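Every number here is computed from the coordinates shown, using simple stated rules; none is lab data. All values reported here derive from a predicted model rather than from experimental measurement. Quick reminder, even Gly has a Cβ in these numbers, built from the backbone with ideal geometry, and neighbours come from all protein chains shown.
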Amino acid sequence: MASINVTIDGKQVSVNSGATLLDAARAAGVDIPTLCYDERTEIYGSCGLCVVEVEGNPKLVKACSTVAADGNVVHTDTARVIESRKTMLELLLSNHVGDCRPPCVQACPAHTDCQGYVGLMALGKTREALELIKEKIPLPASIGRVCPHPCEQECRRGLVEEPVAIAYIKRFCGDWALGLQPGADAGGRQDAAPTNGIAADNECRGGLQPPADSGKSVGIVGAGPYGLSLAYFLRRMGHAVTVYEAMPHAGGMLRYGIPEYRLPKAVVDAEAAGIEAMGVTFRYGTKVGAPEAGGGTVTLDELRGAHDAVCLGIGAWVSTGTGADGEDLPGVVGGIDFLREVVQADGIPDFRGKNVAVVGGGNTAMDACRTAVRLGAENVYNIYRRTKAEMPADLIEIEEAEEEGVVFKNLTNPIRYEAGADGRVCRAVLQVMELGEPDASGRRSPVPVEGKTETIDVDTVILAVGQAVDAAGIAADLELTRKGGVAYDSATFRTSLPGVFCGGDCGNDKISIAVEAIADAKHSSGVIDAFLRGEDAPYRAPYIVERTDVTERTFEDRERECRPPMGVLAPDVRKGSFDEVVAGWTEADAAKEGARCLECGCGDFFECRLYRYANEYDVKPERFAGAYSVSPDDAATLNPSDDGHPFIVREEGKCILCGLCVRVCEEVCGVSALGLVGRGFDTAVKPEMEKPLAESGCVACGQCVAACPTGALQERLPLAKSVPLETEKREAVCEFCGAGCRLVIEECAGLFVKANPARTEDGRLGPICVLGKFGYGTGGAESAGGRLVLRSVAGMPPLHGGGGADPLAAVKAKAASLGSVSFEDAFRTIGEAYRAQGV
Amino acid sequence: MRIVVGEGSCGVASGAKKTEAALAALLAERGGAAGDGSYSGITLEKAGCVGNCYLEPVVDVYGDDGGLAARYVRATEERAADILAGTADDLLISDEDAAFLSQQRRIVLRNAGLINPEKIEEYIAAGGYEALRKALTQMTPEEVIEEVKVAGLRGRGGAGFPTWFKWDAARNADAGGGAKYMVCNADEGDPGAFMDRSVLEGDPHAVLEGMAIGGYAIGAHEGVIYVRAEYPLAITRLEIAIAQAEEKGVLGKDIFGTGYDFSIRIKAGAGAFVCGEETALIASLEGERGMPRLKPPFPAQKGFWKQPTNINNVETFANVPFVIREGGAAFAAYGTEKSKGTKVFALAGKIAKGGLVEVPMGLPLRDVIFGIGGGIKAGRAFKAVQMGGPSGGCIPAALADTPVDYESITQTGAIVGSGGMIVMDEDTCMVDMARYFLDFTRKESCGKCNYCRVGTKRMLEILERITLGEGRDGDIELLEELAGKIKDGSLCGLGQTAPNPVLTTIRYFRNEYEDHIYNKHCTAHYCKALVTYAITDACVGCTKCARNCPTGAISGEVKKPHGIDQAKCVKCGKCEENCAFGAVLRD
Amino acid sequence: MFSEIEPVMEKYAGVPGSLITILQKTQDAYGYLSEDAIAYIAKRTGVPASKIYGVATFYTQFRLKPVGRYILMLCKGTACHVNGAAGIEEAVTEHLGIADGETTADGLFTLDVVACLGCCSLAPVMMVKGPDGEETYGSLTKAKVRSLLDEIAARETEAAS
C-alpha cells in the first residue's frame, strides 16, 4: 500500500494512504481526544473532540473521519482547536447529571477518598483502606481522633439516619497500623486485638521504601500536621527531608493544642516515629528566625543554603482576645497557651476549688473547658455570645463538656475583667446578648441587650477566641500578610523568597483545621517536587460534576441502620482523668459501619474519559448551566435507571450520546438491545421500546459497558461493596470455553473487580461474552493465586452448576468449531445462558 | 371556453375547491355534466398556483382563441354564479395586482397556474418533455452536463453549489458495477418557504423531466423523490404525473426508443427538517433515523445504499428542461455574473401581497418587497426580511438595496437558501425571531453531534431568558461565542448554520438585545414579560376589557376611562384584544 | 391481528429501506403505532425493535399514542409566527384544555404543532385532519379558531345523536 507523509504538531510520520488524521496522530504519538471513536464501528463523529486544524483548510476538521493527504500539515494544539474542544466538553458537562466523586470526598479539604476506604473497610480490607487514607492523610490515627470531619457533615447517609462514621473508621485504620487496640471497656466488646505494631505501618505503600533517592533535599520548618505530612509525601518521592521544630517533640498543635484525653501524645509520637522511620530527620528545639529579631537558633538563609527548598509550616501560636478591658490582667491567659502549658507542665496548674471562665465557642474553647474540669476546677464557665446552635465546636465536644459539668453561659460577651486585691483577675462582667436579624451570611448576629449585664467571679480567664501567626521573626525579607501571616501564592505555595514555600495555618491568614494543613501538604508536595525537578506545576483543584438535588426523599426506601455503638468513658470517670475518652472500634465494627456507605461517587471515576478530558481542558461549564435532558427529578435515586439487570446498571443522566453502546451492540454484537430514542436535545439511549434492559434482547456481553466512555453504563461489581477503586490490570485467557478470548482482569486489594475484553494487536477491543465478562469473581472473596473463580449473582442461579457433566460443553464445542466466539453464537438472552447450564 | 380554478394548497385553503364545486353545479344545471368536466362547450379545469396567493381563490377564464380573457380574484363560491353570468367585474384582477405577475420572469413557474398539473397532455402541449427528447436523442451525457455548466445553474435548495459539478462527480464516480441514483430533495423544510410545494402541485412534470435528464447525465436509471408528508396534494399530483409519464413512455423503459431506462418513485418523508441535509436524507431513504453522516465520503461517491448518488432540489430540476431546450446561454442571460438565471421566492410575513415570485437573480430586495410585494401590510414600517429560514438571517431595512444573488445575500450574513422571504415590520421583535429559530433548530437537531444538540439548546435558553427580561450582562457575548463554535464544530449544515439567525440579529439589531437586557424593555413591544399595558384617553368606558380581564386588574366606572392595576396585570393581552377603540396601549 | 397491513407487509417487508413506508402505512391504518404493532413489524421485517422505535421517535409524523378524531395541525412556521401563531395556539390550548401533543378527554381533538404547512401567505394557518380528509384554514384569528372548533364539536355531537 502506498504511504504518505503527514506532519502533526511538527512531527513527521509516514502512514498508509487511506489512514485518517487520527490514525496518523496515533502513529506520531500525538494524543487526540475522542469520546465516540471505536475502531470496530463505523465512524460516527458525534463528539467533535477530535477536531484539528489542517494548514490550507479554513475549517476545523474531525480527525476521526478525515483521510490524511500526502503533505498535510496538522496542528492539534492551536488556540482554536483547544477552545473548540473545551467548549464542547463544557456543553457536555452542562448536561451531565451525577457525582464524579461523593460529597464526603469533596467536603474533605484533602479530598481523601472516604468512599474508597470506607468501602475497602466494608470489604474487610483494612490494610488497603489504610493505604488509601495515607495517600492523602499520613497521620490517620491522630486525624481520625481530632478532625471535625467535614466529610460526615456532607455524608448523605445523614439524610437517612446518621452519617457514616468516616472519622472513626479512619481512626480504626490508623490505630490498626500502630497496633493500638480499642479500649478494653469499649462497650464491653473484646475483639481479637490487633497485633501489628508500627512496623506494619511502614510496610504500607510508600513506607520504608521510597523511590530512588532524588538527590534533592528539603528543609521543613515546623513538625505540625503540615510539616509532618509534607515530610511524609516528599520523602515518598525520594527527597531527603529534615524537619526543624522549635518544640522538644513533634506534632505541633496536635500535640500542644489538643488535650491528651482527645488525642494521646503516644499516638502523635507513634505516627511521627513512623515518618522518622522513613528516613526523615528531625531537629527539635530548633527555632528558625533572625537572631536579632528574637532568638532563632538557625536563620532562614542558612536553611536555604542547606536545602534545595525550604517549606514554612510554623503554625499559628498566638492567642488573641476579644479586646475587652482587663485582658492583660494576670490570670487571663490564651487558650492555646493554656493548653500548651498543661502539656509541657504535665497536668499543672492546679485548679482545685477555682472558678475558670473560658471565652469562645470553638473546639479550642471546649478543650480548655474540659481540661480545666480535669484540673479540678470548681466551676467552669463557657462564655459565648451566640447560642449553642451557632457554636463552631463539634456537637459531641459541647455535649461531653456539658456532661462533665461545664456551665454554658450562652448569649453573653465579656465587657471587662476586674482585678482583686492581689492584682489578679477576680471578676468578669458580661454583656447579655440576644440574636438579631440574620446578616448577609444568613446567621443571626448577636446584639447587646441594652443595659443588661451579669457578673461572675473568676480566678482564671482563658481566651479561646482566636489565633494569630507570629512570623515577623523568620526573615526580614519574607513578605507577610496584613495580619502578619506568611504571604504565599495559593496555587504554587511560593512565598516572596525563591525556593521558600509555605502551607498550613501560618500562611495567607487561613487558620483552620488540621486536615486543611494536611491538604496543603499534599497539594504543595506536588508543586515542590516539580520545583525540585525544575518544573512548574501549580496545584489546581480538579473539576468534578456534583449533584445538588439529593434530598431525604432520594433515600426514602433505604433501611434505617445506625452506627455500631462507640465506647466512651463515663462522665464521672473521665472528669478526673486525662485518659482517652473515646475507645475506638474493633475491626468488625469498622467493617460493619463501612457497609452503611450509600456509594454516592461514580463507579466509573477512575476510567471516565469525560472527567479526564474535562480536567485536561480546564473546563468551566457553569456558564452554560441550563436544563438537563434527563431531569434530575427522574434520576432521583442514585442508581436512576434500574433495569433489574443482574450485571449492567444504566445511569441515563450521565449519557453523553456518543452512541458507542448502541453502535457496538448493533455492529459488533449484532444484538441491538439498545437504541437511540427521540431527537434534538432530548435524544436518549434506551433499551428497545423503553423496556427495562433485562427484558430487552440484551445478551449481557458487557461490550457496551466496556465501550461507554463515562459512567452511563456500568457493571455491578462482584463485590459486597461496590466501591470505585483504582485497579491493577493483568491479562488472562478466558477459561469458559475453547474460544480463548483474552481478558483484561482488574484487581484491587487482592479482590477480583472486573474483566474486560483485551485489545487485539491492531488496538481493537476483542470479543467477550456474558461468561467472560460477568462470569468471574465471587462476592468479595479473594481471587486466590491469580486464578479466576466463577461468580454467582445474588438472586440468580449460579452460572456454573459445578460437578457432573460440563454444562457448557455445547458452547465450548460450538466455539471450538468457530475458532472464536462472539456472544450471539452462544446465547440470545441471559435466561438462555442460565438455562444452558441446566438450571 | 375554459374556466380554470387555481388549486394549489393556498387556493384550496382559501376555498378554491368549493368555488370549483359551485361552478360545476351551476354548469351542470345549465348543460348537463360530462365526466371530464366539460359542460356544453365550457370546460372546467383546475391548475396549480399562479403565485399571487394573497388573491386566492383565482379563477381564470380563457376564450375560445385560447387566450386569457379574464382573471377573477378572491373568487369564492358565493360569486360563482356572478362569474358565469359575467357580473363579477369587481373581482377582475386590478392592474396593480396584475403587475405582481408581469414584473416577474418565469422559468421555473412557467406553467404554474396555467396548465392542469394532472394532465400530461397540457404539459406536453406547453413544450414539455422536448428537452428530455433532445438530451436523449441529440446529446451525450457529457454534453448535457456541459450545457448545465454553461447555464451556470446552481443548487436552489440552499447552498447554491454548481449543479454541473455535482453531476460531473456523480457521472465519474465508480459505482462498482452497481446502480447510481438520482434523488430529488422535495423535503422543503424551511418554515416560511413553499416554492417547491407550488412547483410540485402546479407543474410536477417539469421536475420529472429534469430528473430524467439529470439521470441520463450521471448514468442513473432510478430516481427517487423524497417529499414531505405534510404536502399530500403534491404527493397525489406527483403520483398522477409519474403514472401518466410512464404511460406516455417518457419515463420507464427505453425512453423515446433510445434504450435509456429511467424510473422514478416517491418516498414520503416523515417530518424531520434535518432530512433536507443530503446525508440525513439518504439515511431516511434507507429507513433509518435521519441522522447526517460525516462527509467525506460525499453522496456522489457513497450515497444511497453506498452507491453514487446525486441529490438536487425541486426547483433546480424544474430549471433543467429550460436549460436543455433553450440552451444554457439563454438561461445564463438572466442573473448576475456568478448567480445565473432566476430564483423563486416565497414572499410572506407582513407583506401586502404574499405569494410566489420568480425574478432574475440580482434584482434588489427592495424591488421584490416593494415593487412586486407591494410593501408592508397595514402601512407599517419595514424593519427586516428574513431569508434562508433557520439557516439564514435577518437583513435589515437599511440593506434593502442588496441584490438577491448568492454572493450579495451571503455577505449580509443571511443566505438565499431555498427562497423564503419573511418580511417583518416594526412590531416584530428581533430577539424573539432569533429565539424562534433556535427553538426550531433545537427541536429539529438530530441529536447526534454535541455542538448542535446541546449548543443550540443553550443558545435558546439564553435567548429565552433575554426575552423574559432575565438577560444578563455578557449574554450577547456568550451567544456570539457559542455561535462561532457551533458553526465551527457541528457535524452538518443544520448545526453549522443554526446560529445565523442569532448572529445576524445581533449584528443588525444589537440595540434591541441591549434594550431587553439592560432596560428590561422590548423594543417592538412584543415580549410579554417586558411589556406593560395602559389604557389611554381613547377609552369610552365600555367595560369590555374589565369583563375580559382574568385577574380583575382593570377597573373603572361605566362610560368613564378605565385603569389597569399593574401589580395584578399578568400581561395576557386580553384587554387589547377585546378593545374596539384602540384604547389599550402596549409599551 | 394486523390483517389491515398484511398487503403492506407483503409488498414491503422484504424490501430494504422500507421501514418508514411501513410505519406510515401502519399509522394510516391504526391511527398510531402501538407497541404491539412495532413488535409485529420487527418480527415481520427482521429490523430490531430498538431501531424501529428509534425511527418512530425520530420523525414527528409518528405517534405512539392513540390520537383524537381530528388532528389539529397548527402551523408555527416563520410566517405564521410573525403573524401571531402563538396567540392562535394559546386560543386552542385554552379552548380545548390541551397542550401540544395532547388529546382532549373526549377523544375528539389532538393538537399537533407543526413546523410549516407551506401556506405561508395565508398565515396563520391550521390544517385539520379529520375522518373526511384534511382541510386547511388560513388567516386565522383567535375568534375564528374558537368558532371552528365549536363547529366541529357541534357537528360531531349532532352525528352522534
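What the table shows:
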read-out	value
Residues of the range A:41-61 with amide N under 19 Å of a point placed 7 Å along Cα→Cβ from residue A:82	A:49-55, A:60-61
Shielding by partners - mean other protein chain Cβ count within 10 Å, residues of A:688-695	4
Cβ neighbours within 10 Å from other chains - mean over B:484-493	5
Span from the the range B:85-105 Cα centroid across to the the range A:261-311 one, whole angstrom	103
Inter-label distance, nm, simple model (7 Å from Cα along the C-beta direction), residue C:15/residue B:89	5.7
Inverse mean reciprocal Cα-Cα distance (Kirkwood Rh) of chain B, Å	25.7
Kyte-Doolittle at least -0.5, axis length at least 24 Å by Cα - qualifying DSSP helices, chain A	A:514-532
Kirkwood Rh and Cα Rg combined as Rg/Rh, the range B:532-586	0.89
Overall dimensions of the range A:368-494 by Cα: Rg and Dmax, Å	18.8, 55
Label point at residue B:121 placed 7 Å out along Cα→Cβ; residues across the range B:191-211 whose backbone nitrogen lies under 20 Å	B:202-206
Debye intensity ratio I(q)/I(0), log10, the range A:3-77, q values 0.14, 0.23, 0.25, 0.26 Å⁻¹ (C-alpha model)	-0.37, -1.01, -1.19, -1.28
Only Lys, Arg (+1) and Asp, Glu (-1) charged, at Cβ; chain B dipole about Cα centre in debye	1440
Projected label distance in nm at residue B:25 and residue B:306, using a 7 Å step from Cα toward the beta-carbon	6.1
Chain B, relative contact order [Cα under 8 Å, separation at least 6], %	11
Estimated Rh, the range B:247-356: Kirkwood, alpha-carbon pairs, angstrom	17.3
Under the Karplus curve 6.51 cos²θ - 1.76 cosθ + 1.60, θ = phi - 60°, whole-Hz ³J(HN,Hα) for the range C:44-59, x wherever Gly or Pro sits	6, 9, x, 7, x, 4, 4, 6, 4, 5, x, 5, 5, 8, 7, 8
Dipole of the protein assembly as shown [Lys/Arg +1, Asp/Glu -1 at C-beta], most positive-end residue of A:17, A:671, B:87	A:17
Alpha-carbon centroid distance for the pair the range A:439-502 / the range B:485-557, whole angstrom	53
Cut-off 20 Å (backbone N to label point 7 Å along Cα→Cβ of residue B:261), residues of the range B:223-248	B:223-225, B:242-248
Residue of C:133, C:118, C:84 that the Gaussian network model of chain C assigns the largest fluctuation, springs spanning Cα pairs under 10 Å	C:133
Packing-based exposure ordering (other Cβ within 10 Å, fewest first) of B:551, A:551	A:551, B:551
Alpha-carbon gyration tensor eigenvalues x 5, square-rooted, for chain A, Å	55, 32, 26
Efficiency of FRET between residue A:455 and residue A:269 - r from beta-carbon atoms, R0 45 angstrom, step 0.05	0.55
Simple spin-label estimate for residue A:378 and residue C:99 in nanometres, 7 Å along Cα-Cβ	7.4
Helix-derived mean residue ellipticity, 222 nm - over the protein assembly as shown, DSSP H n ≥ 4, -39500 (n - 2.57), to 500	-9500 deg cm²/dmol
Sorted peptide list for A:111-120, A:530-539, criterion being average Cβ within 10 angstrom, highest first	A:111-120, A:530-539
FRET efficiency, residue B:468 to residue A:439 (Cβ-Cβ, R0 30 Å, nearest 0.05)	0.40
Mean-position separation - Cα centroids, the range B:283-318 and the range B:146-178, in angstrom	13
25 Å Cα-Cα reach of residue A:216 towards lysines, excluding residues that sit fewer than 8 places from it in its own chain	A:134, A:136, A:287, A:522
Relative contact order of chain A, pairs being alpha-carbon contacts under 8 Å that are 6 or more residues apart, as %	13
Ranked by how many other beta carbons lie within 10 Å on average, peptides A:127-139, A:271-283 from highest	A:127-139, A:271-283
Fully extended contour minus Cα-Cα distance, from residue A:320 to residue A:760, at 0.36 nm per residue	151.7 nm
Dipole magnitude of the protein assembly as shown, debye to nearest 20 (Cβ charges: Lys/Arg +1, Asp/Glu -1, about Cα centre)	1440
DSSP bridge orientation in chain B - percent antiparallel, rounded to nearest 5	60
Fewest-first sequence of B:100, A:578 by Cβ atoms within 10 Å of each Cβ	A:578, B:100
Computed E for residue B:243/residue B:133 - FRET, C-beta separation, R0 25 angstrom, nearest 0.05	0.80
Fewest-first sequence of B:195, A:433 by Cβ atoms within 10 Å of each Cβ	A:433, B:195
P(r), alpha carbons of the protein assembly as shown - 20 Å bins starting at zero, rounded %	8, 27, 29, 21, 11, 3, 0
The range B:120-332, relative contact order [Cα under 8 Å, separation at least 6], %	32
Residue-averaged beta-carbon neighbours from other chains (10 angstrom radius) around B:265-273	5
